[in-house]
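Please read through the structure below; I'll follow up with questions.
The values are calculated or read from the model by the stated rules, or taken from the named source; none is laboratory data. Nothing here was measured: the structure is a model prediction, and the numbers come from that model. Here Cβ is always computed from backbone atoms with ideal geometry, including for glycine, and neighbour counts include all displayed protein chains. Accessible surface is based on the protein model in full, side chains and every heavy atom, while ligands, DNA and RNA are left aside. Shrake-Rupley method; radii C 1.70, N 1.55, O 1.52, S 1.80 Å.
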Amino acid sequence: MNYLETVEYLFNSTPVFEKIGAGAYKEGLSNTHLLDEHFGHPHQNFKTIHIAGTNGKGSCSHTLASILQEQGYRVGLYTSPHLIDFRERIRINGQCISEDYVINFVAEHSNFFEPLHPSFFELTTAMAFKYFADQKVDIAVIEVGLGGRLDCTNIITPILSIITNISKDHTQFLGNTLAQIATEKAGIIKKSTPVVIGESIPETKTVFENIAKEKNAPIIFSEDNIQFDDYNFPINGGIDYITKDYGSIHSELSGAYQIKNTNTILNAIHILEDQGLIKNKSAINSGFAKVCKNTGLMGRWQELQKKPLTICDTGHNPGGWQYLSTQIKNQKNKVKRIVFGMVDDKDVDTVMEMLPQEAIYYWTQCSSHRAIPVEKLAKIAKTHHLSGKCYPSVVQAYNSVLEDADNEDFIFIGGSSYVVADLLCYLQQKK
């Protein structure tokens, strides 16, 4: 099989959450341990940082990887989902895993893993850990796929755990209360290993404190340790911070939600400094400033063009939209035009309540089987007093909004990671 055929095989022969949702979720780590044993426990050959949370995992993972790369390490980065190419999930110093490695991994090991019937994520995680070991990375930043306690990344013994925040998402797997969800995500807290909590409320803070105490794990609550005195949004993009310990820092990432992420990251950096991993302030500054360049991060308040100002963002649940909605409403452009679609396991009504009433909407559906049909989405929108036209694909909605918009308008494309993925794939093909 060539690369495209191999990726097609991975998507079609294993249960994939992005395609079928709950049917791809496998509770328990039995397959993960069998795969890990087969490959010789590769994750034991390098240091790891483990990151969980409802929102902000990707931004925190990529930024820490960028900083460690600037410090001179060979850094693995494992994240999900991808937006354009499967290989985005597994990177070393920003470079995607090679097509040949993916092909050979499947060809050489399919006889072993096929009888196990692993999920797509179980198999991808095993591939990532083996690749990082084969390529002799110094450290890998590992993003949890779903939850924490039973996530197949949770076989690692990290030097640092991070839980960015907790909000109600994937409740069918993780529980219906914030305390239940926090308990699942706190499953990544390891014995005597420091853990940084990005955001908490009394309901979740108690959970984190109790589990950290049980594991004798030093715990830091970032909101109790604000690491900057001020911040502003410069006209040329990004965010400028006046930090308490590292002077002025410019972050390449512009989303308003990045302010909390940055505070979480700065708290994590203190621990990595204490461990002797980060030694130079210049690495911290340049890591923040070059996070997209260093790691290939996409879809975080990403500017696609300036006239009309066009932004896409992968925020896809109420926790993300509480920031996105405010940032969209604060845009001073003439007209706001929003291309919007969601998938069927998200709290669409809560997100709809946050959308600006005055915007013009281009309702659409992504190519995922889990997409809410555009006609159904438009009916839900009407109950929230939002109006717009329906488009059967993201590309059609995008091309239509560009035709309609003046240079002084503001365009936003999002609602789901898969809406952004469809758009970025289209733009890549146009290039």
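Give the separation of the Cα centroids, the stretch 34-100 to the stretch 372-421, in Å.
32
From the square roots a ≥ b ≥ c of the eigenvalues of the alpha-carbon gyration tensor of the stretch 340-391, which class results: rounded (a/c under 1.5), prolate (a/b over b/c), or oblate?
Details: a/c = 2.03, a/b = 1.37, b/c = 1.48.
It is oblate, given that a/c is not under 1.5 and a/b is not larger than b/c.
Just to verify a number: FRET efficiency for GLN44 and SER110, C-beta to C-beta distance, R0 = 25 Å, to 0.05? Don't skip to the answer; put the middle values down first.
Numbers: r = 24 Å, r/R0 = 0.97.
Taking R0 as 25 Å, the efficiency between GLN44 and SER110 is 0.55.
Here's a follow-up. Could you work out the helix-only [θ] at 222 nm for the chain, with each DSSP H run of four or more residues adding -39,500 (n - 2.57) and the total divided by the number of residues, to the nearest 500 deg cm²/dmol?
On the way: 17 runs with 178 residues, N = 431.
Taking each H run of at least 4 residues, the total per residue is -12500 deg cm²/dmol.
Would you work out the Kirkwood radius for the stretch 302-430? I mean one over the mean of 1/r across all pairs of different Cα atoms, in Å. Display every interim value, and only then the final one.
Numbers: mean 1/r = 0.0702 Å⁻¹.
That comes to 14.2 Å for the stretch 302-430.
Okay, next question. Using a Cα-Cα cut-off of under 28 Å, which lysines could be cross-linked to LYS376, ignoring same-chain neighbours fewer than 8 residues away?
Correct list for LYS376: LYS19, LYS168, LYS329, LYS336, LYS346, LYS389.
A further question on this structure: How many angstrom separate the Cα center of the stretch 227-248 from the Cα center of the stretch 118-135?
That distance is 37 Å.
Quick one: length gained pulling ASN2 to GLN305 fully straight, 0.36 nm per residue minus the C-alpha distance? If you can, show how the numbers build up before the last one.
Details: separation 303, 0.36 × 303 = 109.08 nm, distance 3.49 nm.
Taking ASN2 through GLN305 to full extension adds about 105.6 nm, to one decimal.
To the nearest 10 square angstrom, how much accessible area does GLU114 have with a 1.4 angstrom probe?
Its heavy atoms expose roughly 90 Å² to the probe.
Report the extension gain between ASN216 and LEU34 in nm, rounded to one decimal, defined as 0.36 nm multiplied by the number of residues separating them, less their alpha carbon distance. Before the final figure, lay out each step's value.
Details: separation 182, 0.36 × 182 = 65.52 nm, distance 2.88 nm.
Here the segment from ASN216 to LEU34 would lengthen by 62.6 nm.
Ignoring ligands, DNA and RNA, how do LYS244, LYS430, LYS190, LYS215 rank by accessible area with a 1.4 Å probe, largest first?
On the way: LYS244 110, LYS430 135, LYS190 35, LYS215 60 Å².
The residues order as LYS430, LYS244, LYS215, LYS190, largest area first.
Which residue, PRO42, GLY28, TYR362, has the largest displacement toward the positive end of the dipole of the chain when charges sit on each Cβ (Lys, Arg +1; Asp, Glu -1)?
TYR362
Treating only the Cβ atoms of Lys and Arg (+1) and Asp and Glu (-1) as charged, compute the dipole magnitude of the stretch 302-430 about its Cα centre; round to the nearest 20 debye.
Numbers: 14 positive and 15 negative charges, 32 e Å.
So the dipole magnitude of the stretch 302-430 works out to roughly 160 debye.
For the chain, what does the accessible surface come to per residue with a 1.4 Å probe? Please give it in Å². It would help to have the intermediate numbers written out before the result.
Numbers: 17630 Å² over 431 residues.
Spelled out: the 1.4 Å probe surface of the chain, per residue, equals 41 Å².
Still on this structure, please answer the following. Net charge near PHE129, counting Lys/Arg +1 and Asp/Glu -1 over other residues with Cβ under 14 Å of its Cβ? Display every interim value, and only then the final one.
Values: positive: LYS47, ARG89, ARG91, LYS130, LYS136; negative: ASP36, GLU37, GLU122, ASP134, GLU143, ASP151.
Spelling it out: positives minus negatives among the neighbours equals -1.
Oh, and also: Under 1.5 on a/c is rounded, so check that first for the stretch 81-157, then, if it is not, pick prolate when a/b is larger than b/c and oblate when it is not; a ≥ b ≥ c are the square roots of the alpha carbon gyration tensor eigenvalues.
Working: a/c = 1.40, a/b = 1.02, b/c = 1.37.
Rounded is the answer for the stretch 81-157, as its axis ratio a/c remains below 1.5.
Residue by residue through the stretch 121-137, which ³J(HN,Hα) values in whole Hz follow from phi under the Karplus form 6.51 cos²θ - 1.76 cosθ + 1.60 (θ = phi - 60°), with glycine and proline marked x?
6, 4, 5, 5, 5, 4, 4, 4, 5, 5, 4, 4, 5, 4, 8, 6, 5
Just for the chain, what percent of DSSP beta bridges are antiparallel, to the closest 5? Let's see the in-between values first.
Values: 18 of 54 bridges.
Given both bridge residues lie in the chain, the antiparallel proportion sits at roughly 35 percent.
Looking only at Cα atoms, what is the convex hull volume of the chain per residue, in Å³? Write out the running numbers ahead of the final one.
Values: hull volume 58.5 nm³, N = 431.
Measuring per residue, one finds 136 Å³ for the Cα hull of the chain.
Okay, next question. Excluding SER286 itself, what net charge comes from residues whose Cβ is under 13 Å from its Cβ, given Lys and Arg +1 and Asp and Glu -1?
Details: positive: LYS281, LYS290, LYS293; negative: GLU70, GLU252.
Residues close to SER286 contribute a combined charge of +1.
Can you send over the carbon and sulfur percentage of the accessible area for the chain, probe radius 1.4 Å, protein chains only?
On the way: 8460 of 17630 Å².
Exposed carbon and sulfur together represent 48 percent of the surface.
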